[in-house]
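Undergrad: One structure, pasted below without further comment.
The values are calculated or read from the model by the stated rules, or taken from the named source; none is laboratory data. Values in this document were obtained by computation on a predicted structure and should not be read as measured data. Heads up, the Cβs are rebuilt from the backbone with ideal geometry, glycines too, and the neighbour counts pull from every protein chain shown.
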Amino acid sequence: MAALMAILKRDLALAYRQRAELMQPMLFFILVISLFPLGVGPEPKTLQLIGPGVIWVAAILSSLLGLERLFRDDFEDGSLEQLMLSSTSLPAAALVKVLAHWLTSILPLIVLSPLLALFLHLSEPMYWALLKTLLLGTPLLSLIGAIAVGLTVGLNRGGVLLALLLLPVFIPLLIFATSAVESASMQLQYSAQLAIIGAMFLFSLALAPFAIAYALRVSQT
Amino acid sequence: MWKWLHPYAKTERTYHLCQKLLPWFSLLGLAVILFASFWGLAFAPADYQQSDAYRIIYVHVPSAVLSKSLYITMAVSAFIGLVWQVKTSFMAMMALAPIGAMVTFVSLITGAAWGKPMWGTWWEWDARLTSQLILLFLFLGVISLYKAFEDKQQAGKAAGVMAVVGIINLPIIHYSVEWWNTLHQGATILKLGKPSMPAEMLWPLLLSILGWVIVCGAIFLLRMQNEILQREIRRPWVVALANKSSTLNEGK
Amino acid sequence: MTVLSVTNLSVVKRDRLLFENINFDVERGTLLYVKGQNGAGKTSLLRVLAGLVEPDSGEVHFCQQDIKDYRENYYQHLVYFGHKLGINLTLSALENLEFWCKQHQVTISVDTIFCTLAKLNLVGLEDIPVANLSAGQQRRVALARFWFKQDAKLWILDEPFTALDTQGIELLSKQITQFLSIGGSVVVTSHQALRLDYPTDEITLEYRI
Amino acid sequence: MAFEDLNSFFDMGGYGLYVWLSFGASALSLLILWLDSFFSKRTLLTQVLKEQARQTRIKAAAEKNNNGETT
């Protein structure tokens, strides 16, 4: 247990030291979202219509940007090898690393979401639905994303391949999240969609760590 | 050419020049900005159309004007650095960038706060606010590019190129956003810029602009010293300076 | 008592058979020196012994237990040093080693780390980012782990002597012989001749095209 | 004075929130930037002193080794 805490503390300290690099997915997130009014026009009605979808697509793309960094440095300098050679269980260590990654690069996106709801003129209930779907859905992004990152960490041009692998898998999450926010805009109940996202999240929380551990072992040449 | 400027390319002299000017700039700046803000807030007459909401102008216009001029100054010092290989101008550029970003951020907040009573929403895709937002992204782009490099010399040159590219694009962005805005919405009723104002409203505005310029100048001097110290951290004059200032602190 | 026993091991890498039906045992207190040209598969053999990579066929047993099934117990007593040093460049040497010790359940105080680094003559370089150190110094920071894990029974070192100066080589050789004398066993590969005054078994891997 | 008394001054004709938000935000941003620059100057100078201390430590250790070898 102490070893897992040590991993978490180390990853958070590392993220703090490279915070300039951490800012980039956040700036990308705001930039992509502020492009849409310039493209589609500033009328609040149209912006509100496309708002949920735009925010969610932007969230998925910027989390993809940040995912690459999850195992890359540790793989290149050999710390991942030493981690695999320690008696701490690899799935637990992988889960802790995904948690550290979620805290450092995806949580800031959620903290920014009120500003973006402002940019796209989302109404109050829509914003709360968006926040709930983000809080439940983005850990799912990190967990499944980490599996693909574990598989492609050995290849040096894994970037586009990562998007290719992950985007199809994220489609159900995108569908349920945007439909939750839309039904919130019409003052309808959206707890069904939330329940489905929650189920997907718990399912991946249970299985993904083992898949990540296996993926890391596979990518050891 | 510009012979009298060359000694200042030598960093140690620039450092001591900044040290001499710093107290003057900071005290004067503080005084002028406080005086002007107080004058604008308390003594200037209320506006017949927006009553007292217009007083935000005493913060919004200086920061908006300053954000553009700081970007231009940054781009000019980047240009000097790239063309004449003057290292101190790269340092000046990187000293200016965070101040410009902060001032643009302030102009955005004050613009949004002023827009709320006028348009009813905190954020309105008005032409002026949108180009200020894009300007903020240009600033943040230059800063994050500078931070991405290990070696500061290389970082300065790369950020300098981006600053020059940015300055070329600034007017293009400005007019395309204006055109985009009129295309969709027609000119907004309230021109956010400098409406023709009676003298007793105008004087506090000019003074607050001056106040902002001096305060930003003071912060620039301080950040310039930081950039010099960062680049010359191994030099003997920096070591002597550090020892002298540490004995000074113990002495106090 | 055999610490490590390998039965008809064969490894294929990028569809090339590196070696096949390799059999050897490593007893307590013995030094195994793996020799072979470049590309003969020395590193792959060591990575298979450490359990990092699955062999194509054959088994590796640590104290009569297959390392695939008793992975946790095996890693309790193993220290591995590969081509990749295993230290993070933005962290300082101190932080790296503290993290390594926490991960391998080694309780250690900060000043033991400091005096070990002093022994490896890295005085004054303990708290700056490892990126600022030279390649040789970085290797010595990575090698410090052999001074920390006392309960290890097996050391696997992949060319530990490269990029080390004579003083470093002598220091490491002394540490290895001292570990062997108290009953530890070591598997090592090296391009320079081993200057260890200790009986060494040897195994040579032929180069196959 | 454009306002009769103090609290109408704070009320700003009903727009107090927006006016004081803008002035507060600008004052805060200027202050934060000034403090950041001021403290990073101090950390830079202390960094130089730390580097000095490290050099002396390395030299001292080197001398100790030389004496160690010679005796």
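Undergrad: I need every pair where a residue in the stretch D:2-22 that is closer than 16 Å to residue B:37 by Cα has its Cβ under 7 Å from the Cβ of a residue that is of a type outside the set (Asp, Glu) and in a loop (DSSP other than H, G, I, E, B), sequence separation at least 6 or different chains.
TA: D:2/B:44; D:2/B:45; D:2/B:46; D:9/D:3; D:19/D:12
Undergrad: Part of a helix (DSSP H, G or I) and either among the acidic types (Asp, Glu) or within 13 Å of chain A (Cβ to nearest Cβ) (or both), is that true of residue B:129?
TA: Values: part of a helix (DSSP H, G or I): yes; either among the acidic types (Asp, Glu) or within 13 Å of chain A (Cβ to nearest Cβ) (or both): yes.
When the stated conditions are applied, residue B:129 passes them.
Undergrad: When the stretch D:14-26 is examined, which residues are found to be surrounded by fewer than 19 Cβ atoms within 10 Å (Cβ to Cβ) and either basic (Lys, Arg) or not in a helix (DSSP H, G or I) (or both)?
TA: Listed by number, the list holds a single entry, D:14.
Undergrad: Now for a different question. Looking at the stretch A:35-56, can you tell me whether even one residue there is within 17 Å of the chain's Cα centre (by Cα), closer than 27 Å to residue A:207 by Cα and not hydroxyl-bearing (Ser, Thr, Tyr)?
TA: The answer is yes, given that some residue of the stretch A:35-56 is within 17 Å of the chain's Cα centre (by Cα), closer than 27 Å to residue A:207 by Cα and not hydroxyl-bearing (Ser, Thr, Tyr).
Undergrad: Of the numbered conditions (1) among the charged types (D, E, K, R); (2) at pLDDT below 90; (3) touching a strand residue (DSSP E or B) at 6+ places or on another chain (Cβ under 9 Å), residue C:47 satisfies every one except a single condition; which is it?
TA: (2)
Undergrad: Looking at A:47, A:90, can you tell me which residue is within 14 Å of chain C (Cβ to nearest Cβ) and touching a residue at least 60 places away in the same chain (Cβ under 8 Å)?
TA: Of A:47, A:90, the one residue that is within 14 Å of chain C (Cβ to nearest Cβ) and touching a residue at least 60 places away in the same chain (Cβ under 8 Å) is A:90.
Undergrad: Pick from A:2, A:58, A:20, A:15: which is more than 14 Å from chain B (Cβ to nearest Cβ) and surrounded by fewer than 16 Cβ atoms within 10 Å (Cβ to Cβ)?
TA: A:2
Undergrad: If you don't mind, another one. Filtering the stretch C:145-162 down to residues that are of a type outside the set (Lys, Arg) and in a loop (DSSP other than H, G, I, E, B), which residue is surrounded by the most Cβ atoms within 10 Å (Cβ to Cβ)?
TA: Ranking the qualifying residues of the stretch C:145-162, first place goes to C:160.
Undergrad: Take residues that are of a type in the set (D, E, K, R) and over 30 Å from residue A:185 (Cβ atoms) and tell me which of the helices (runs of 4 or more DSSP H) falling wholly in the stretch A:1-98 contain 1 or more.
TA: A:2-17, A:19-40, A:69-77, A:79-84
Undergrad: Related question: Tell me the residue from B:170, B:248, B:229, B:207 that is modelled with pLDDT of 90 or more, more than 10 Å from every other protein chain (Cβ to nearest Cβ) and in a helix (DSSP H, G or I), please.
TA: B:207
Undergrad: Name the single residue, out of those in the stretch B:40-56 being of a type in the set (A, V, I, L, M) and more than 12 Å from residue D:26 (Cα to Cα), that is surrounded by the fewest Cβ atoms within 10 Å (Cβ to Cβ).
TA: Among residues in the stretch B:40-56 that are of a type in the set (A, V, I, L, M) and more than 12 Å from residue D:26 (Cα to Cα), the one surrounded by the fewest Cβ atoms within 10 Å (Cβ to Cβ) is B:42.
Undergrad: Let me ask you something else. Just one of the numbered conditions (1) in contact (Cβ under 8 Å) with a residue 24 or more places away in the chain; (2) under 18 Å from residue A:29 (Cα atoms); (3) not in a loop (DSSP other than H, G, I, E, B) is not true of residue A:121; which one?
TA: (3)
Undergrad: Just one of A:175, A:147 is surrounded by 23 or more Cβ atoms within 10 Å (Cβ to Cβ) and part of a helix (DSSP H, G or I); which is it?
TA: On the way: A:175 fails: surrounded by 23 or more Cβ atoms within 10 Å (Cβ to Cβ).
Of the residues listed, the single one that is surrounded by 23 or more Cβ atoms within 10 Å (Cβ to Cβ) and part of a helix (DSSP H, G or I) is A:147.
Undergrad: Then there is this: Filtering the stretch C:44-69 down to residues that are of a type outside the set (A, V, I, L, M), surrounded by 16 or more Cβ atoms within 10 Å (Cβ to Cβ) and within 11 Å of chain A (Cβ to nearest Cβ), which residue is nearest to residue A:3 (Cα to Cα)?
TA: Ranking the qualifying residues of the stretch C:44-69, first place goes to C:51.
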